[in-house]
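Everything below concerns the one structure shown next.
Read the figures in this text as sums done on the coordinates, not as results from a lab. This one's a predicted model, so the numbers in the text were calculated from it and none came from an experiment. Cβ placement follows ideal geometry from the backbone for every residue including glycine, while neighbour counts extend to all protein chains displayed.
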Amino acid sequence: MASGLLGGAALTTGCRVNENDVHRWESTERGPEKLVAVVEHDKYAYPLRTEAAVSLIRMRPRSGRRIGIELLMSSLNEVSPDARQKIVDGMTPELVHQMQPGAPAKTAENTVPPAPTVPFKDAAFAMLQHEPPLVSSEQSKAALAQALTEWVQKDFELRLENPAQQFGIEQMMRFLGSSSVRGLPLLITESSTKIDRICGLVADLGDDAIKLATSQALVVLAKKIDSQAWIDKQTPIVKDADERSNQKVTPDQLKQQINKFQDQELTKVFSSMKRLGGRPVIDYLIQYSADAKNPPDRRKVALAALEGRVDKNNTADVERIFAIAKDDSTPDEVRDIAFLRLGELPKDQVVPKLYTLFQDKKWKVRWVAATNVLHAITTKQLPEFFNKLPTSRLALNEPLSYGAAIAKMEPPAGDPKPRDVLISHLNSPQIGAKLTALGSFYQGKKADISVVDSKTSDPTPIPKCDPSEDCGWTCDVPKAGATDKNDKESKTILTVGDFARYCIEPSMVTP
């Protein structure tokens, strides 16, 4: 009992408390409150108060919580500004030193073991971002920020997954700013599993130089994956995995496995490219999607990754994408994505180019181009649209879809209403305009049937098209005298009157 009283007296009076006591208290039941007392009371020398502060950080978690860091923050907030600065300045070299070791490697069970550096980086970050500020010396601020920046970039992927952190890596990097992502472009390699996270952080935090370096690194990686050297490297690895899992595969099946794996890896890189952008990425994606030697599915993904990235002020970019869209050898699925990219550009820039495709031999090319035009213009510009429609090679789907799109237009103030424009073109000498006006009544109101009925005797021939293009001018109508409404027969459409009678009127069932 006498010994206990003497120990209490020592803490109260500030006598005989030394570093050994401070270190011992790290593991005792009432140690935290004793360490807090040393930090807070000015009767103790600053070196001892600093050591007590570091001991609070070093303490092992209690009940799963690092209460020492919480207590330290509270204690530093209680002391005078002058005392706080001296304590924090004294702690800084030790915190910097303790943050320098790398992250421990994953265990055989693929788990992340505890990292001794984590409590020190958590404490350093907690002091830096605390409000009111706990670090007042510019020198200490700079030292801690630099140490944290190096910590988050060293062993980035391992530390990103470490769950035993009070503050996550992304939270810290967003606080530290662009300097924290400066080293990330170097981490974009074949072995990286966090390229998407890297590109997201660089896109949000990086300055122009860092973004450019990351964009270049993505292109280098994509070219490496899309190479024979990559295939040669992966083939024995995949073959060995098949053998270890007792899978018997033929050489063709092995080749398909490698091809699928390559698809997956390239898709990941293209996704990161979409997130980041940058001139190197844009140039590469356009070039890749334009290359007919590349598989159509990959060309589609490359064009999709350009979403929102095409520079409207770069004429070369626009021309190269338009070249993909108008090239007859371009697969339809690739061409569709090219049209989507063109649709993102200012209408006065893209509409004239789309009109040049209205005379294309393939009606589906014109159909996609015209659909994009209708999304870009107003009703005031519809006469020009009608005049651009060809007089031959129209498909049945064209007037139906054009008419529906026009009917749904919402004109700005002062522009004519869609219905008025359509009605005015029912008697147009231009066959495309006339059919589109009729097509706008497809599945329309029965109250308008008299308008359509006025065209059922129109003998104007329907434009012919190549049967191989599947532009089929036939419509199904109920058989005469049939009691079952689903009992139908196909009618070949030869004239505008046939189109009105057999395609439009039967669809007008809405009251």
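With the helix formula -39500 (n - 2.57) applied to DSSP H stretches of n ≥ 4, the chain reaches a computed 222 nm mean residue ellipticity of -17500 deg cm²/dmol. At an R0 of 22 angstrom, the distance between the Cβ atoms of Lys417 and Thr391 translates into a FRET efficiency of 0.25.
Kirkwood's formula applied to the C-alpha pairs of segment 409-467 gives a hydrodynamic radius of 12.9 angstrom. For the pair Phe175 and Arg65, a Förster radius of 25 Å applied to the C-beta separation gives a FRET efficiency near 0.65, rounded to the nearest 0.05.
In segment 172-223, inverting the average of 1/r over every pair of distinct C-alpha atoms gives 10.9 Å as the Kirkwood radius. Taking trypsin sites (Lys or Arg not before Pro) across segment 67-117, the ones in a DSSP loop with at most 16 further Cβ atoms lying within 10 angstrom of their Cβ are Lys106. The packing ranking, built from the mean of other Cβ atoms within 10 Å per residue, places the peptides 448-455, 143-150, 373-380, 122-129 in the order 122-129, 143-150, 373-380, 448-455, highest first. Annotation for segment 153-203 versus segment 401-442: alpha-carbon center distance of 55 Å. Estimated at 0.36 nm per residue, the fully extended path between Ser507 and Lys380 surpasses their Cα-Cα distance by 42.9 nm. Summing +1 for each Lys or Arg and -1 for each Asp or Glu among the other residues whose beta-carbon sits under 12 angstrom from that of Ala124 gives -1. When each of the peptides 152-159, 257-264, 206-213 is scored by the mean number of other C-beta atoms lying within 10 Å of its residues, the order from highest to lowest reads 152-159, 206-213, 257-264. An oblate overall shape is assigned to segment 165-301, the ratio a/c of its alpha-carbon gyration tensor axes (a ≥ b ≥ c) being 1.5 or greater and a/b not exceeding b/c.
Diffusion of segment 292-399 by Stokes-Einstein, at 37 °C in a medium of 0.692 mPa s and with Rh set to the Kirkwood radius over alpha-carbon pairs, works out to 229 µm²/s. Based on C-alpha pairs under 8 angstrom that are at least 6 apart in sequence, the chain has a relative contact order of 6 percent. As a ratio to 2.2 N^0.38 Å, the alpha-carbon radius of gyration computed for segment 443-511 takes the value 1.19. Rounded to the nearest 0.05, the FRET efficiency derived from the C-beta distance between Asn427 and Ala316 at R0 = 51 Å is 0.70. Does a label point 7 Å from the Cα of Lys239, set along Cα-to-beta-carbon, have any residues of segment 254-284 with amide nitrogen under 19 Å, and which are they? Counting only backbone N, you get 254-262.
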